Amino acid sequence: MTPLAGASERPNILLILVDDMGYSDLGCYGGEIDTPAIDSLAANGLRYSQFYNCARCWPTRAALLSGYYPQQINRDSVLDVKGGGSERNRRPSWARLLPDYLKPAGYRSYHSGKWHIDGKPTGSGFDRAFYVGTSRGFFSTKDLTKEGKIYTPAKSEKEFYITTAVADHAIEYLKEHQAEHAEKPFFSYVAFNAPHFPLHALPKDIARVGDRYKPGWDAIRSQRWARLQEMGLVKGALSKVERNQGPPYDFSKQLRVLGEGEVNRPVPWNTLTEKQQKFQQDKMTIHAAMIERLDIEVARIIQQLKAMNAFEDTLIFFLSDNGASAEMMVRGDGHDPAAVPGSAMSYLCLGPGWSTVCNTPFRKHKTWAHEGGSCTPFIVHWPEKITQKGEISQTPGHVVDVLPTILDVAGVTVADQKVPFPGLSIFNPEIEHKRALWWSHEGNHALRHGDWKLVKTKKGKWELFNLAEDRAETKNLAAQHPERVVQLKTLWESRVDEFRETKKLK
């Protein structure tokens, strides 16, 4: 990609993050879900085929806004380096968030949606913030704050829907910016909860999806794989369905309330009972409806950018915080078996059957460091500067690259850092060179160096894959290349050694 360093004008920046969306859910990534607004960003920008997150919500969000691996800044653990997602695990003072870097360059920063980082948005450099906490579901009006104060929507819970509310506030802040701060550039961070569980969708959105998923998860996965190959996004073979891979956490007692229709393994579709097939079809229908609503709301935000004549000079990023989730649990206000699926009193999770489809063509799910958990759709759109419209970038990237990219295009230089950023600007030509990308979450480890990836599950052995030929991690080459396993394992461990040293800094 052509470097943009030295660009004279500071662009506006819109960072759109979604939650628990699989690699192939979007239409522009091979999915059958109708996402015309997001697909348009891809058609007129860049799609990345090999961009990565941290395989879980809070580590990814910490990396995205700080520019550091979460283990560097107390936001996740690895071996004896302790950290995590609770409020007790605060970032060190030197680990600032993106708005703090942008403010001296004249930017105003706005946040709307999920946070899941220590502190609060308005205490972390954002000028305005609509904060969605760990709510009970997408129709709940609880756990919301605006500018640091408890927020109660004018709409009732029957009319309120979080995905729309997040877009409403993002648009409200953009309108305010145009009216009061038009001379300044803006950074808008829009963090949608969708399509994270519980599976809640508006009835009209569910109706629009219809019987699309009646053929079942095996047929839909095959169709996605065919489209991915046609698009040229992925090379190699399709991974086999891991029929015995269930949810990452055991909530079997909670799941009993869901009834006979629930299934916690991606078994062949034709082995399910008619009741099970209908229950599972309903779940994927709701998941698709949630994403289609998300796309509608993204379209509204784009329309606002156009209305304020800012679209051409706004750098837009779109990505997911992890792969689709195989988790299955009942939280919040619980699940009423008599409730209409997708309504406020239901509490459904996607589960490993459909999560396997959403992560096509990859193995594993959210929380694992295999491609299914850690690889995200990543779209970059900037009409004024990006000329490779509609192209697919095969350059590997990681969420730790997003903050350096934004500082690059904003003309912000950072001096005297206690800890250098591990990432690079995607517009830096050096990013094309072989480099090491690193993962760890809950004992699931990985390191990618060039085309080679070393990866293991918590209780498993190290596996080795050549991603240039085998993106879906189907052929373990560890036995054929033991010396490379040792080399990459040493690189993985050296990063942990760096984190231990970083922990000593105040």
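The values are calculated or read from the model by the stated rules, or taken from the named source; none is laboratory data. Quick caveat, the model's predicted, so the values are computed rather than measured. Note: ideal-geometry Cβ built from the backbone for every residue, glycine included; neighbour counts use all protein chains shown. Remember, those area values only see protein heavy atoms, side chains included, never the ligands or the DNA or RNA. Shrake-Rupley method; radii C 1.70, N 1.55, O 1.52, S 1.80 Å.
Yes/no matrix, rows are residues, columns are (1) in contact with a helix residue (DSSP H, G or I) (Cβ under 8 Å, 6 or more places away or on another chain); (2) crowded, with 20+ Cβ neighbours inside 10 Å; (3) assigned to a loop (DSSP other than H, G, I, E, B):
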{"residue": "Asp250", "(1), (2), (3)": "no, no, yes"}
{"residue": "Lys253", "(1), (2), (3)": "no, no, no"}
{"residue": "Ala288", "(1), (2), (3)": "yes, yes, no"}
{"residue": "Leu294", "(1), (2), (3)": "yes, yes, no"}
Checklist entry - With (1) out of contact with any Lys or Arg (no Cβ under 7 Å at 6 or more places or on another chain); (2) closer than 27 Å to Glu493 by Cβ; (3) open to solvent by less than 10 Å² (accessible area, probe 1.4 Å) as the list, and Leu437 as the residue in question, which single condition is left unmet? => result (1)
Next on the checklist: Suppose we keep only residues that are surrounded by 19 or more Cβ atoms within 10 Å (Cβ to Cβ) and of a type in the set (D, E, K, R) within the range 74-83. Which one would you say is farthest from Leu144 (Cα to Cα)?
Outcome noted: Asp76
Checklist entry - Does the range 409-418 include one or more residues that are surrounded by 15 or more Cβ atoms within 10 Å (Cβ to Cβ) and within 21 Å of the chain's Cα centre (by Cα)? => result no
Next on the checklist: Every residue in the range 163-189 that is of a type in the set (A, V, I, L, M) and either touching a residue at least 60 places away in the same chain (Cβ under 8 Å) or more than 23 Å from Phe139 (Cβ to Cβ) (or both), please.
Outcome noted: Val166, Ala167, Ala170, Ile171, Leu174, Ala179, Ala182
Next on the checklist: Condition (residue is farther than 27 Å from Lys458 by Cβ and either surrounded by fewer than 24 Cβ atoms within 10 Å (Cβ to Cβ) or not charged (D, E, K, R) (or both)) applied to the range 50-63: is it met by at least one residue?
Outcome noted: no
Checklist entry - Any idea which of Thr502, Thr474, Thr457, Thr490 is under 18 Å from Pro70 (Cβ atoms) and of a type in the set (Val, Ile, Thr)? => result Thr502
Checklist entry - What number of residues within the range 356-390 are part of a loop (DSSP other than H, G, I, E, B) and open to solvent by less than 10 Å² (accessible area, probe 1.4 Å)? => result 11
Checklist entry - Regarding Lys103, is this residue farther than 30 Å from Gly353 by Cα and either surrounded by fewer than 17 Cβ atoms within 10 Å (Cβ to Cβ) or aliphatic (A, V, I, L, M) (or both)? => result yes
Item to check | Sole residue being open to solvent by less than 40 Å² (accessible area, probe 1.4 Å) and out of contact with any Leu (no Cβ under 9 Å at 6 or more places or on another chain), chosen from Ser66, Ser86, Ser93, Ser124 | outcome: Ser86
Item to check | Every residue from the range 106-118 that is closer than 22 Å to Asp76 by Cβ and open to solvent by less than 10 Å² (accessible area, probe 1.4 Å) | outcome: His111, Gly113, Trp115, Ile117, Asp118
Checklist entry - If we keep just the residues of the range 13-43 that are of a type in the set (D, E, K, R) and open to solvent by 10 Å² or more (accessible area, probe 1.4 Å), which is farthest from Val234 (Cα to Cα)? => result Asp34
Checklist entry - Mind checking which residues of the range 153-170 are more than 19 Å from Leu199 (Cβ to Cβ) and out of contact with any strand residue (DSSP E or B) (no Cβ under 9 Å at 6 or more places or on another chain)? => result Ala154, Lys155, Ser156, Glu159
Next on the checklist: Taking the condition of being touching a Leu at 6+ places or on another chain (Cβ under 8 Å), closer than 27 Å to Ala219 by Cβ and surrounded by fewer than 23 Cβ atoms within 10 Å (Cβ to Cβ), how many residues in the range 332-345 meet it?
Outcome noted: 1
Checklist entry - Can you tell me which of Gln304, Gln276, Gln281 is more than 25 Å from Asp34 (Cα to Cα), in a helix (DSSP H, G or I) and more than 18 Å from the chain's Cα centre (by Cα)? => result Gln276
Next on the checklist: Please pick out the residue among Glu473, Glu442, Glu432, Glu463 that is of a type in the set (D, E, K, R), within 25 Å of the chain's Cα centre (by Cα) and surrounded by 22 or more Cβ atoms within 10 Å (Cβ to Cβ).
Outcome noted: Glu473
Checklist entry - In the range 309-342, how many are modelled with pLDDT under 95 and at positive phi? => result 2
Next on the checklist: For the range 25-74, which positions are hydrophobic (A, V, I, L, M, F, W, C) and farther than 29 Å from Pro121 by Cβ?
Outcome noted: Cys28, Ile33, Ala43
Checklist entry - Is it true that Ala299 is under 22 Å from Ser346 (Cβ atoms), of a type in the set (Gly, Ala, Ser) and assigned to a helix (DSSP H, G or I)? => result no
Checklist entry - Can you tell me which of Phe186, Phe138 is open to solvent by less than 70 Å² (accessible area, probe 1.4 Å) and under 30 Å from Pro104 (Cβ atoms)? => result Phe186
